[in-house]
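Notes follow the structure.
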Amino acid sequence: MLKKRMFTVAASVLLIGAAWAQTSSQHFAKDGLSFDYPTGWTADESKGSGQMQYLTLGRDGYAMIMVREPRGLVDTPDKEAHAKHLIQDGFVDAWAKNFSDNGAKAERSTVTTEIAGGSAECTRLSAMLGGEPGRVDVCWRLVEKRLVQMAIVGSTKDITKTAAAWDLIRNSLKVEPLPQPTPTPQPSPPKGKP
């Protein structure tokens, strides 16, 4: 009886520890973009540039998550259409080409999710990857007049396993408004002169 209780206590401690490990997180914040991501994951900024923040988040045995945020202001319908075509459609087309170059025929569909508390449109490319089903979801949304794009890629099994990390990043993501330029005061003309 004592062994059974000790086993139950030990199992409970392990479960609580595992739950805590899955819920503890790290915080990324740079240039107005911030989000939380699970402890044990790495955030690599090496693909970023002066024009775009580009992070890949990963952990062995899990799907890869990407966060891309161009630094430009998207404050008109024309800029939104251009950004969507250049950033979203261009990234989806690159993934479709990657699949076809590797002999996979990707099926395209549209799904929705939430990013930063609002509805986001996603393009899903599903295919057989290395003999098992997999996909990439490429999602986008305007947040504080900036386009934010998130993607998750991997086998269906790895994407399912990565759901908690994907949810944490999507739901905690924030974008600070870009600072507004301060108008330069115009000098007053000298008195007595028109």
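Here the calculated FRET efficiency for Lys174 and Asp44, from their Cβ-Cβ distance with R0 = 25 Å, stands at 0.80, rounded to the nearest 0.05.
Ordering 29-37, 66-74, 126-134 by mean Cβ neighbour count within 10 Å, with the highest value first, yields 66-74, 29-37, 126-134.
Of all aspartates and glutamates in the structure, the ones whose alpha carbon falls short of 20 Å from that of Lys97, not counting any fewer than 8 places away in one chain, are Asp89, Glu107, Glu132, Asp137.
The calculated FRET efficiency for Lys191 paired with Ala29, based on their beta-carbon distance and R0 = 41 Å, is about 0.25. Full extension of the chain between Asp89 and Glu121 yields a length gain of 10.3 nm, computed as 0.36 nm times the residue separation minus the alpha carbon distance.
Of Lys30/Lys161; Lys105/Lys157; Lys30/Lys174; Lys84/Lys145; Lys79/Lys105, which ones are farther than 21 Å apart at the Cα?
Flagged as over cut-off: Lys30/Lys161; Lys79/Lys105.
Label sites at Met128 and Thr76, each approximated as a point 7 angstrom past Cα along Cα to Cβ, lie 4.9 nm apart. For the range 108-182, the solvent-accessible area with a 1.4 angstrom probe is 48 square angstrom per residue.
The values are calculated or read from the model by the stated rules, or taken from the named source; none is laboratory data. Treat the numbers as computed from the prediction; the structure is a model and nothing was measured. When we count neighbours, we look across all protein chains shown, and the Cβ atoms used for this are built from the backbone with ideal geometry, even at glycine. Side chains included, ligands, DNA and RNA excluded: accessible areas come from the protein's heavy atoms. Shrake-Rupley method; radii C 1.70, N 1.55, O 1.52, S 1.80 Å.
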